[in-house]
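Read the structure below first, then the notes.
The values are calculated or read from the model by the stated rules, or taken from the named source; none is laboratory data. Given the structure is predicted, the values throughout are model-derived calculations rather than measurements. As a convention, Cβ positions derive from the backbone with ideal geometry for all residues, glycine included, and neighbour counts pool all protein chains shown.
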Amino acid sequence: MTRPVFKRILLKLSGEALMGPGQFGIDPATVARMAEEVKAAKDTGLELCLVIGGGNIFRGMAGAAKGMDRAQADYMGMLATVMNALAMQNALEQLGVQTRVQSAIAMDEVCEPVIRRRAERHLAKGRVVIFAAGVGSPFFTTDSGAALRAAEMNCDALLKGTSVDGVYDADPKKVATATRYDELTYDRVLNDNLKVMDASAIALCRDNDIPIVVFNIREQGNLARVLAGDGTATIVRNADDGNEGN
């Protein structure tokens, strides 16, 4: 699989990636290791934005499923993403990486509001920008927030760090014979209902021609390998950008 060279990317991490060996919450050692991965990528000259989910603290849809008002639950989930963003900012700055958190929900005492031109300026100065609180509205996932920020910031790609090494036709943790794809089109993902990101995020990336690269972030050093074209991953892009295959 031939992968393009990226200058600016948005890295989407699940909140669960910050839990480490725990069942919930933030594991400082795991966050520190993730921060080292981000620093190594940035040190190659890459301009880097991050979006981190909040499922390690609170997941809005899970709260709604237990009887909470969906909008209220989603707002709680957005606040969880701000906590994760601040934890990652702290870990990155301990490594000497200048970082700014921008939140779609105003909270001036702890972070900046989302202002695209200010974020552009931060990137130009070599800072990492972490976008928090999703899109600032309920009924949207952090996947949609990541796709929106990737389009807004003119990113060359959206990298999704997960606990598996790409996109499969079934859950590889449950189905031993699941097949991994090297490359897919956006339409194939939507038509086959493959579990990459939610449909609105896929459609937004498709309409803005932003490739999605799915890889295993839990494997140490894997982000740098994927960016160099060596690591195992699945790339989702338009059919005329490459040859779709297994």
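Please verify whether Gly161 is surrounded by 15 or more Cβ atoms within 10 Å (Cβ to Cβ), touching a residue at least 60 places away in the same chain (Cβ under 8 Å) and small (Gly, Ala, Ser), treating the condition exactly as stated.
Against the criterion (surrounded by 15 or more Cβ atoms within 10 Å (Cβ to Cβ), touching a residue at least 60 places away in the same chain (Cβ under 8 Å) and small (Gly, Ala, Ser)), Gly161 qualifies.
Which numbered condition trips up Arg188, out of (1) modelled with pLDDT of 90 or more; (2) outside any helix (DSSP H, G or I)?
Just one mismatch for Arg188, condition (2).
Would you pick out the residues in the stretch 98-114 that are among the β-branched types (Val, Ile, Thr), in a loop (DSSP other than H, G, I, E, B) and under 19 Å from the mean Cα position of the chain (by Cα)?
Initial filter on the stretch 98-114 (among the β-branched types (Val, Ile, Thr)): 99, 101, 105, 110, 114.
Then drop every residue that is not in a loop (DSSP other than H, G, I, E, B), which leaves 105, 110, 114.
Passing the criteria: Ile105, Val114.
Condition (residue is of a type in the set (Ser, Thr, Tyr), surrounded by 13 or more Cβ atoms within 10 Å (Cβ to Cβ), in contact with a strand residue (DSSP E or B) (Cβ under 6 Å, 6 or more places away or on another chain) and touching a residue at least 40 places away in the same chain (Cβ under 8 Å)) applied to the stretch 81-88: is it met by at least one residue?
Within the stretch 81-88, one or more residues are of a type in the set (Ser, Thr, Tyr), surrounded by 13 or more Cβ atoms within 10 Å (Cβ to Cβ), in contact with a strand residue (DSSP E or B) (Cβ under 6 Å, 6 or more places away or on another chain) and touching a residue at least 40 places away in the same chain (Cβ under 8 Å).
For the stretch 159-168, indicate whether the set of residues that are assigned to a loop (DSSP other than H, G, I, E, B), modelled with pLDDT under 90, farther than 22 Å from Asp43 by Cα and out of contact with any Ser or Thr (no Cβ under 9 Å at 6 or more places or on another chain) is non-empty.
yes
Which condition number does Val128 fail, the rest of (1) touching a strand residue (DSSP E or B) at 6+ places or on another chain (Cβ under 8 Å); (2) under 16 Å from Ile235 (Cβ atoms); (3) surrounded by 23 or more Cβ atoms within 10 Å (Cβ to Cβ); (4) at pLDDT 95 or above being met?
(2)
May I ask you to list the residues in the stretch 103-121 that are in contact with a Cys (Cβ under 9 Å, 6 or more places away or on another chain) and more than 11 Å from Val82 (Cα to Cα)?
Matches in the stretch 103-121: Ala119 only.
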